[in-house]
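The values are calculated or read from the model by the stated rules, or taken from the named source; none is laboratory data. Quick caveat, the model's predicted, so the values are computed rather than measured. Because the Cβ atoms are built from the backbone with ideal geometry, glycine has one as well, and the counts that use them run over all protein chains shown. The area values use the complete protein model at the heavy-atom level, side chains included, leaving out ligands, DNA and RNA. Shrake-Rupley method; radii C 1.70, N 1.55, O 1.52, S 1.80 Å.
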Amino acid sequence: MSDDWRTDRVGSALRGENPTVLRRLTAGFAVIGDVQFLPGYSVLLADDLAVDRLSDLPRPRRLEFLSDMDRLGEAVERACARADSAFLRVNLEILGNPDGFLHAHVWPRYAWEPAELVRRPVWLHPRDRWSDRRYALGPGHEVLREAIGEELDRSALAT
């Protein structure tokens, strides 16, 4: 599979061609991030290409998206807490700056992060972390990826 899915993340998820998809949720797709300098980083992609901000959704669909964001956040929290005793919490963010589609970031945070960054926004981590091949999503992330997916499955059964 080529990297073409990166230029159309939502469309490729809708077509079943986005390899980062963890699960299909009610209002979107839970995907694992292509960068993993904070292991377990995930994103919720809205499933409507015409939507680029939360307020574009009708209120019932908006609430479904927010519920999916909560569900993904809890799945990441549970999986990361089991995988790493230094896990602290998750940060949930809907920013919408460079990407023209609605999405929410789920960032796990860890005690091993540099002291000057651990209580600050993730976006303050050095820029090279975003492109360093050491942090690229790969086979070493499969266990955590599966754990997040299993947590999403469990949460679906609980509803």
Qualifying residues in the range 1-24 (those that are touching a strand residue (DSSP E or B) at 6+ places or on another chain (Cβ under 7 Å) and either open to solvent by less than 10 Å² (accessible area, probe 1.4 Å) or not charged (D, E, K, R) (or both)) - the one farthest from Pro98 (Cα to Cα): Leu22
Unique residue being out of contact with any Lys or Arg (no Cβ under 6 Å at 6 or more places or on another chain), within 15 Å of Asp34 (Cα to Cα), modelled with pLDDT of 90 or more and surrounded by fewer than 15 Cβ atoms within 10 Å (Cβ to Cβ) when the list is Glu116, Glu142: Glu142
Failed item in (1) crowded, with 21+ Cβ neighbours inside 10 Å; (2) touching a Lys or Arg at 6+ places or on another chain (Cβ under 8 Å); (3) part of a helix (DSSP H, G or I); (4) of a type in the set (Gly, Ala, Ser), with Ser55 passing the rest: (1)
Residue in the range 63-79 that is surrounded by fewer than 16 Cβ atoms within 10 Å (Cβ to Cβ) and in contact (Cβ under 8 Å) with a residue 60 or more places away in the chain present: no
Any pair with Cβ under 6 angstrom, 6 or more apart, that starts in the range 126-138 at a residue that is open to solvent by less than 90 Å² (accessible area, probe 1.4 Å) and ends at one that is acidic (Asp, Glu) and not in a helix (DSSP H, G or I): Leu137/Asp34
Neighbours by Cβ (under 8 Å, 6+ apart or cross-chain): first from the range 10-22, within 20 Å of Glu150 (Cβ to Cβ); second in a loop (DSSP other than H, G, I, E, B) and not basic (Lys, Arg): Ala13/Asp47; Pro19/Met1; Thr20/Gly33; Thr20/Asp34; Thr20/Leu137
